Structure formats: C-alpha cells, structure tokens
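Comments concern the structure below.
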Amino acid sequence: MNDENAQYILLEARRIRIPMLAFRGEQPALSVYYGLVRFGPYELPVSYPKTILIVYPNKSEFREVAKRVKEALENGYKGYFPEGFASIFDLNVEFDLVAINPNKYTILDPQNTALEYYERFSEVSKTKNNDCFLMALINKVPQSLHESLYTEIKFLSTKNNVPSQIITYEVFSDEGLFKWSIFPLALQIFVKMGGTPFLLYNRLRIPEEETALIIGIGLSRISLGLKEIRYVGFALAFEPNGKWRLIRWSQQPYDRKNLPYMFEKLIRDVIDEVLRKYAVSTKRIHVIIHYSGKNISVAEEVNIKAACEQIKEMKGLEVMPYVVKINDSMYRLYDEANPCPDSSGLNTFLPWVGTTIKLKDDLYMLQTTGCVKVQTSCGAMRSRPNAFGSPSPILVSIKRLSGIQYELRDLDLVKSVLYMCRMNYVSVNNPVSRLPITVKYSRRLAYITSKFAASKNIDINAIVPQKIARTLWFV
Amino acid sequence: MQEAYGLVVNLFRINPSKDMVRVSYIESSDVTSINQYVSILRDAGCIAAPQYGEYLGLASGVYFVCEDLEVLKKLDINYTERSIDSSSYVMKYLVLNALARKVRELGDRGLLYLHEDKVFAYSQVTFCDKEVIMRSEPYKLFELRPCLILRVEHYHVEGRNMLFLLADLKFKRINKLTLTRLIKILEEKGYEWAEIRKILREHYYTCKTEEGRQACLVDDIVRGQDRIVAKVMTREGMKELPTDNVWLNPHPKHTRDFICDKLGELLDELWKEQRKYGNVRPKAKIRMIREYLEKLLVKTGVFPLKISDVEYNLDLRPQKLLLTPGDEE
C-alpha cells in the first residue's frame with residue numbers, strides 16, 4: 001500500500017514518556033528484571049509465610065512439574081530467573097511438595113476438589129512451626145467459567161487467611177512457557193506475601209502540599225443461583241506512586257436506581273479509610289476514578305460529588321473528583337517512520353507506547369501496546385514491540401463534573417492511566433501492561449466477589465481477613 | 001517541538017453525495033422517551049438514531065428514516081421533516097443501521113456468512129466471508145473464516161463533520177463440534193454409552209442458554225425417546241439443554257489432544273493458520289482489511305448505501321492521522 005494514497009485528518013498528539021520504576025533504596029530502573037536483579041525489591045514484607053507448599057494431584061505428570069517449579073524457585077533457572085527466590089527477594093523461605101489424592105481431582109466438582117487442596121494444605125501446614133503459603137498446581141480452566149477450580153481455591157484460601165498462588169500444568173509443563181513464567185511467578189508470590197517489588201520513580205504532577213488518590217472501580221451484576229441478582233461494586237485505591245492501599249466492596253439489590261448510591265458509598269468509604277489508615281495530611285486531595293464499564297450517568301455524577309462533599313464535611317479537606325473511563329478500541333495503527341524491529345529483525349512499524357492522540361474534546365487514544373523502550377539484563381536500552389500482531393490502543397475519556405474548579409489537565413489524567421499500566425506485578429518482561437492495574441482485575445474480582453456475595457455475610461468487606469486484605473491477593 | 005508526523009489507521013472515509021440529508025425528527029430531551037421511540041421505529045422497519053443532548057448544533061431527539069411511510073401513519077407519531085448535515089454526529093448511527101440492514105439482507109441471500117445471528121450489537125456490525133479459508137479434516141469440525149467488524153465513527157475536525165468506517169478484520173475459528181456430533185463420532189468409533197458419558201465429563205463446553213453463550217460443564221447426558229439431552233452446569237445452576245446447544249471447548253490442551261487422538265480430527269494446520277493471521281503486523285493488517293472491505297462491502301453492493309436522498313460511498317484508502325505533537329510529557 002502506498003502511503004501517498006492515504007487521506008489525512010489533523011489531530012493533536014503528545015508522547016507520554018514511560019515512567020521509571022523505583023527499587024530498593026529508591027534506585028531507578030526501566031525494567032523490572034534489571035531493577036530486581038541489580039537493586040532488589042523496593043520494600044520487604046513486615047512478616048511473611050516462611051514455607052511455600054506446592055500442592056498437586058498425585059500423578060506422575062503433575063509431580064514432575066511441581067518438582068521442577070520447586071527446584072527453579074529454590075535455585076533459580078538459568079538467566080531467566082538467576083539464583084532463585086531467596087536471593088532476588090531477600091526472603092528466607094522453604095519450599096515443600098504436598099500431594100493430593102488424584103481420585104479427588106475432578107473438573108466437574110470444583111468445590112470438593114478445592115476443599116481437598118485446602119485440607120491437605122492445612123494438614124501439612126500444622127506440622128510446620130510457621131505460617132504457610134499455598135501454591136496450587138491445577139489444569140488450566142477457561143477464564144469465563146463462572147465456577148471453576150481457580151475461583152474455588154482462591155475463595156477458600158482468601159476466606160481462611162491463607163495467601164495463595166495458582167499455577168497451571170499447561171504453562172509449567174511447556175519448556176517454552178516455563179522459562180518466561182518462573183520469574184513472574186516468583187514476583188507474584190512476593191507481592192502476595194505483602195512485599196512491594198517496585199513503585200513509580202516518576203510521579204504524577206500534583207500541586208505542592210496536595211495529594212492524589214487513584215481509585216479503580218469495578219461493577220458487576222451477580223446472579224446468586226436462580227434466586228437473586230445483585231449489583232456488586234468494588235474499589236481499589238492506589239497512591240500516585242503506584243502503592244496499593246486497599247479494596248472495598250459495596251452491594252445493592254439489582255435495580256439501576258441503586259447504582260448512584262453504591263458509587264457514592266464506595267468512593268466515600270475508600271477515601272475515608274485511606275485518610276484514616278494512612279494518616280494522610282493534606283488540604284486538598286485529587287481523586288482520580290478509573291472506570292471501565294458503562295457510562296457514568298447524571299445521577300451517578302451527582303452522587304460522586306456528594307461523596308466528596310461528605311468527606312469535606314467529615315475531614316475538613318477539599319476533594320476534587322475526576323472520572324476517567326477506560327475502554328478497549330478497534331483501532332489499528334502503524335508508523336512508517338518507526339521501524340521498531342522484532343526479535344527476528346522484521347520491521348513492525350508499531351507506534352510508540354505512550355502516544356496519546358486527542359480524538360475529541362474529552363476523548364483520547366492511548367497506545368499502551370506497541371513499540372517500547374526496554375532495558376536489557378545488562379542495563380542497556382533498546383526498543384522493541386511489547387505485543388504480538390496488531391495491538392489496539394485503549395480509549396480514555398475524561399468526564400469533568402459540572403461545578404468543580406479543576407486543576408489537573410486532561411493529559412495528567414491520561415498519564416495516570418499509562419502510569420498505572422506500569423504497575424505490572426505479573427510480568428518481568430513486558431514493561432507496560434495493556435490495561436492499568438486499577439481496572440485490569442475487574443473480571444477476576446467479579447467472579448471471586450460472586451462467591452463472597454453468595455455467602456451469608458452481607459458485608460463482603462468483613463469476609464476478607466485483615467492480613468490478606470493488606471496484600472494484592474487477587475493479582 | 002517535534003515535527004508533525006503521521007500514523008496510518010484502519011479508518012475509511014464515508015463520503016455522502018450531498019452535504020445535507022432529509023430525515024424525520026421527533027423532538028424530545030427525555031432519555032426514556034427517546035429510547036422508546038427508537039425501539040418502536042426500528043421494530044417498524046425504519047432506521048432510527050437517538051441524540052440525547054444538543055451536540056454541534058443538532059437538537060436532542062430522535063432522527064429517523066422510514067422507507068414505508070404507511071408505517072408512520074399506523075404508529076401515530078408526531079414528527080417533522082428536517083434537512084441536516086449528511087455527516088453530522090447522529091448520522092453515524094443511521095449509517096450503521098442502514099449498513100446492518102443491508103448486511104443482513106445479503107446474509108439471508110447467502111452472499112455473506114452471519115455467525116450466530118449477532119450481526120448488530122454494541123454499535124458494531126459483524127459478519128464473515130461466505131468462503132472458508134480452511135477446514136479441519138476429516139470431519140470438518142472447525143473452520144476458519146475472515147470476518148469484518150465495523151463501526152461508524154464521527155469526527156469533527158477544523159469545524160467540519162466527517163464520517164468514517166472503522167474496520168477490523170478477525171480470522172474466526174468457527175466451532176462446529178456440538179455435543180450431538182461429538183456423541184455421534186464416538187459412537188461410530190465403537191465407544192460404549194457408559195464410556196462416552198465418562199469421557200464427556202472430562203472437558204469444558206460452551207452452552208447456549210436464554211442468557212446467551214457461556215462456559216459450562218457437562219454433568220451427564222440422558223438418552224430420551226427421540227433425542228439426547230445434556231445436563232449442564234451453568235452460571236444459573238444445573239440445566240437441561242439439547243445437545244445441539246452445547247459445543248466442546250477446544251482451548252485446553254488435553255481437549256485438543258482428545259480431539260486429535262480419540263476423534264482423529266487434524267487440528268494443527270488450522271490452529272497454525274489462525275495464529276499466522278493473528279500475528280500479522282498493522283501495515284499488512286490494514287492492507288488485508290482494505291481488500292476484504294472491497295470484496296465484502298463494495299463488490300457485494302453494500303456500498304454505496306442509500307439513506308433518504310443521499311448516497312454514501314466508501315473510500316477504500318486508509319486515513320492517515322497527521323499529528324501535531326507538543327513536547328514529550
């Protein structure tokens with residue numbers, strides 16, 4: 001195709017620079033691999049489980065995989081995960097294998113199979129003199145399966161105050177996938193133990209003596225069998241440096257009229273709790289709400305403002321709400337001037353990650369996948385694609401509520417999305433995740449939430465034990 | 001400041017033959033009434049679009065075009081006639097409506113392949129080529145088809161309204177392996193009924209229920225007098241479904257191995273071909289999109305689209321977004 005055939009539309013654009021990450025001692029690095037290997041994690045957990053129990057069905061093929069994972073976590077795996085968990089994360093943990101009866105492992109009965117995993121885990125952990133971490137080896141399950149072994153194990157372990165990590169036979173029995181998955185696995189375990197591997201080194205531009213909170217909101221319509229349908233909303237709160245603070249739930253009977261109140265309660269409770277728990281002292285707080293779902297209605301806008309007013313009355317500080325909607329798109333783009341070759345040397349012409357194009361007054365296209373600068377294992381910088389095929393940018397729409405004197409620019413809000421895409425605790429090779437951590441886990445949380453909602457306790461917040469609630473248990 | 005640069009994008013200009021288009025209009029600013037009118041008009045065979053608030057000089061209300069004016073008399077609706085910019089915001093919905101209608105017509109005539117009758121949903125029109133790229137052998141349980149996903153986008157740049165077709169291309173693997181076919185093949189291969197029941201429990205499925213398609217598990221199959229019924233575990237609990245409404249999910253590796261080893265269906269080539277198309281980079285992808293637009297929309301006569309007194313033509317040259325960048329942030 002000849003470029004000269006193309007027609008033109010003139011639009012405004014900016015390129016947002018990928019922020020650096022901060023590791024131990026506030027040392028900056030572009031890549032997670034380089035930062036962790038060279039400097040170590042940003043912050044160790046205060047207390048953590050000293051034993052990781054790898055629970056697997058007692059069949060030879062599962063046993064082999066479990067052994068291999070244990071060996072790699074203990075001693076490292078070539079250059080892909082040098083020297084092992086204790087060395088990289090500076091934690092003294094031991095690994096143990098625990099087998100379950102293979103006859104009790106069935107995909108058709110995820111509840112009882114999960115119970116078998118949990119009971120065997122509990123039996124063995126009683127023999128240890130310390131808290132244990134559950135790592136369950138299972139077969140891959142379809143993500144869209146409402147009730148799956150994944151959800152059941154996650155539910156059971158979370159409810160019982162046990163941090164857990166689920167790994168699949170399909171990934172770890174395949175050498176090609178194993179080598180790239182072992183370091184990210186260790187990273188997730190560290191996060192679930194309560195550690196902070198890295199934070200953002202570059203921060204959002206917030207006026208001095210003011211602070212910001214980035215809240216990811218998810219909303220689900222949950223069927224409780226044939227009996228009842230409810231709306232369940234959850235909110236995840238992050239500081240502008242990417243530090244995760246807390247999750248809160250709110251639920252209401254299934255009626256659209258209840259949505260505005262649910263939004264109000266979630267936002268008010270989250271801000272209140274962050275201010276209370278983390279003794280944030282400021283005169284003004286900018287609350288950036290990341291949201292991926294239906295459009296915010298006028299009624300919900302009114303309630304978001306009402307929540308901010310209530311905080312102002314309760315705490316005497318000004319709260320400025322910003323609503324940022326994040327959606328997938330169907331756009332595909334290429335940049336003839338940017339060859340960006342892939343690992344086989346073929347030009348991909350992908351646009352730079354961070355490219356932001358203003359489509360309308362309140363609508364931006366943000367390239368979170370494309371050509372990205374990375375740091376090699378020895379620290380050198382180079383650029384490469386961070387996605388296969390023809391990745392699509394995301395759409396970011398900014399909803400400004402009427403009657404508020406805003407200070408942050410649209411571009412600062414788009415930046416908040418890209419910055420949260422850097423908080424990728426499940427990969428060491430992809431420097432920017434396609435979706436920000438604020439909305440990335442909506443579906444997974446919705447499924448687990450439906451298990452919580454089905455239990456008798458109406459307040460989901462009370463179901464997740466405090467110790468677990470302090471960690472990013474759902475990544 | 002950096003120099004202006006350009007990105008080529010999968011947007012294709014829709015050019016109207018006239019600057020203004022004649023449409024019918026119902027004045028309203030109430031969201032519920034607007035939605036009700038749109039629904040009534042569409043059910044009556046008209047193309048209709050909502051405009052919830054005043055935007056770029058166009059008042060809120062319902063904008064519509066009915067070919068059969070008798071329909072309107074029967075509906076007893078108060079409306080007026082208006083001439084509006086043929087590329088205005090509301091026209092993006094009318095153009096998309098007209099496009100969906102024409103695609104459906106061609107589908108009904110067998111000139112396009114409409115998958116699962118989900119032609120028009122979420123402001124998108126989706127359909128596939130009637131020609132298949134590849135089928136798995138020997139049972140032809142899976143087939144690979146190129147499918148277009150289309151949206152109509154409105155841009156207002158430098159004071160001008162413009163309409164574009166945002167077009168994407170996916171190579172969809174169509175699953176023909178229903179539980180009915182699966183049971184039939186296993187029986188042909190000599191499996192006993194008890195053994196088949198056991199085998200079927202080891203896999204994941206997709207079930208079509210009143211709630212739409214969803215992942216499910218098969219608890220059992222029961223042979224009735226004239227048909228077999230599947231007892232399936234769905235999001236709404238245990239249900240009984242006809243075996244034609246349950247498809248084997250081929251994603252898990254153990255299921256793919258089962259299809260290859262036990263049923264004898266060769267999947268590798270088709271999976272490899274789909275992956276090859278999935279890995280195509282944007283420059284080649286946009287070229288392919290353009291080729292399929294020409295084949296499936298222009299050569300079949302979907303475009304030019306006629307709405308009222310205006311013809312909308314599709315320009316097959318992809319747009320270039322010419323960007324005026326500021327400093328790096």
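Using the 1.4 Å probe convention, the accessible area of region B:18-91 works out to 54 Å² per residue with neighbouring protein chains retained. Working note: Cα atoms of region B:76-214, range along each principal axis, descending, whole Å: 70, 38, 29. Per residue, the convex hull spanned by the alpha carbons of the protein assembly as shown comes to 185 Å³.
Here the accessible area of chain B is 46 percent carbon and sulfur, with a 1.4 angstrom probe and all protein chains present. Each of B:His203, B:Tyr139, B:Tyr55 was placed along the dipole of chain B (beta-carbon charges, centred on the mean Cα), and the one lying farthest toward the positive end is B:Tyr139. All Cα-Cα separations within region A:101-205 were binned at 5 Å from zero, giving a P(r) of 2, 11, 18, 20, 19, 15, 7, 4, 2, 1, 0, 0, each value a whole percent of the pairs.
What is the distance in Å between the Cα centroid of region A:325-353 and that of region B:177-243? Between the Cα centre of region A:325-353 and that of region B:177-243, the gap is 43 Å. Among the trypsin sites (Lys or Arg not before Pro) in region B:52-133, those placed in a DSSP loop whose Cβ has at most 12 other Cβ atoms within 10 Å are B:Arg109. Between amide H atoms placed 1.01 Å from N, distances below 5 Å from A:Asp131 occur with A:Lys50, all of them 5 or more places distant or on a separate chain.
The relative contact order of region B:18-91 comes to 45 percent, based on Cα pairs under 8 Å that sit 6 or more residues apart. Over 5 Å intervals from 0, what percent of Cα-Cα pairs in region A:385-475 sits in each interval? Using 5 Å bins, I get a P(r) of 3, 10, 15, 17, 15, 13, 14, 10, 3, 0 for region A:385-475. At a 4.7 angstrom Cβ threshold, list every cysteine in chain A that has nobody to pair with, or say none. Unpaired cysteines in chain A: A:Cys132, A:Cys308, A:Cys378, A:Cys421.
For chain B, what's the relative contact order in percent, using C-alpha pairs closer than 8 Å and at least 6 residues apart?
Relative contact order, chain B: 24 percent.
Within 10 Å, Cβ to Cβ, of A:Thr368, how many net charges do the neighbouring residues add up to if Lys/Arg are +1 and Asp/Glu are -1? Local net charge: +2. A Förster distance of 25 Å, applied to the separation of the beta-carbon atoms of B:Asn313 and A:Arg400, puts the FRET efficiency at 0.10. Excluding residues on the same chain fewer than 8 positions from A:Lys192, give the aspartates and glutamates whose Cα lies under 20 Å from its Cα. Straight-distance partners of A:Lys192: A:Glu43, A:Glu74, A:Asp90, A:Glu94, A:Asp96, A:Asp131, A:Glu152, A:Glu239. Evaluated with a Cβ-only charge set (Lys, Arg +1; Asp, Glu -1), region B:179-249 carries a dipole of roughly 100 debye about its Cα centre, given to the nearest 20.
Length gained on full extension, A:Arg382 to A:Ala306: 22.6 nm, using 0.36 nm per residue less the C-alpha separation.
With Cα atoms defining each centre, region A:118-152 and region A:74-106 are spaced 15 Å apart in the structure. Between 0 and 90 degrees, the angle of helix B:89-108 with respect to the longest Cα principal axis of chain B falls at about 40 degrees. Relative to the longest principal axis of chain B, what angle (0 to 90°, nearest 10) does the C-alpha long axis of helix B:268-278 take? On a 0 to 90 degree scale, this one is about 20. Projected onto its three principal axes, the C-alpha set of region A:254-307 covers 36, 19, 18 Å, listed from the longest axis down.
Just the number, please: carbon plus sulfur as a percent of the accessible area of chain A, 1.4 Å probe, no ligands or DNA/RNA counted. Carbon and sulfur together cover 47 percent of it. Neighbours of A:Gly242, meaning other residues whose beta-carbon lies under 11 angstrom from its beta-carbon, give a summed charge of +3 when Lys and Arg score +1 and Asp and Glu score -1. A:Ala86: net charge of surrounding residues, Cβ under 14 Å, Lys/Arg +1, Asp/Glu -1, itself excluded? Cβ neighbours under 14 Å give a net charge of -3. A 1.4 Å probe run over the protein chains yields, for region B:222-286, 53 Å² of accessible area per residue, whole-number rounding.
As a ratio to 2.2 N^0.38 Å, the alpha-carbon radius of gyration for region B:179-249 is 1.03.
For region A:359-399, heavy-atom accessible area (probe 1.4 Å) falls by no less than 40 Å² from the chain alone to the full protein assembly at A:Lys360, A:Gly389, A:Ser390.
Its residues counted as N, chain A yields a C-alpha radius of gyration over 2.2 N^0.38 Å of 1.00.
For region A:10-60 versus region B:245-309, the spacing of their alpha-carbon centroids is 37 Å.
Across region B:238-329, counting alpha-carbon atoms alone, Rg and Dmax equal 22.4, 61 Å.
Would you mind estimating how fast region B:18-91 diffuses translationally, via Stokes-Einstein at 10 °C and 1.306 mPa s with the Kirkwood radius over Cα pairs, in µm²/s? Rounded to a whole number, D works out at 129 µm²/s. Using Cα-only point scatterers and the Debye equation, what is log10 of I(q)/I(0) for chain B at each q in 0.13 Å⁻¹, rounded to two decimals? Result of the Debye calculation: -1.05. For region A:104-181, the set of trypsin sites (Lys or Arg not before Pro) satisfying both a DSSP loop assignment and a count of at most 14 other C-beta atoms within 10 Å is given as A:Lys128. When accessible surface is computed with a 1.4 Å probe, chains A and B are found to bury approximately 5600 Å² between them, both chains counted.
Normalising the average separation of contacting C-alpha pairs (under 8 angstrom, six or more residues apart) by the number of residues puts the relative contact order of region B:179-249 at 30 percent. For n ≥ 4 DSSP H runs only, could you compute -39500 (n - 2.57) per run for the protein assembly as shown, divide by its residues and tell me the 222 nm figure to the nearest 500? My calculation for the protein assembly as shown gives -9000 deg cm²/dmol from helical runs alone. Measuring nothing but alpha carbons in region B:139-286 and taking Rh as the Kirkwood radius, the Rg to Rh ratio lands at 1.13.
Note on A:Arg409 and A:Ser329: their simple-model spin labels are 1.9 nm apart, each label 7 Å out from Cα toward Cβ. Note on A:Tyr56: accessible area approximately 20 square angstrom, rounded to 10, probe 1.4 Å, nucleic acids and ligands left out. Each 10 Å bin from zero holds the following percent of Cα-Cα pairs in region A:278-317: 23, 48, 24, 4.
Please compute the Kirkwood hydrodynamic radius of region A:10-137 from all pairs of different C-alpha atoms, in Å with one decimal. Computed over Cα pairs of region A:10-137, the Kirkwood hydrodynamic radius comes out at 17.3 Å.
The values are calculated or read from the model by the stated rules, or taken from the named source; none is laboratory data. As the structure is a computational prediction, the values presented were derived from the model and not from experiment. Neighbour counts run over all protein chains shown; Cβ positions are idealised from the backbone, glycine included. The protein model used for the area step is the full one, side chains on, heavy atoms only, and it has no ligands, DNA or RNA in it. Shrake-Rupley method; radii C 1.70, N 1.55, O 1.52, S 1.80 Å.
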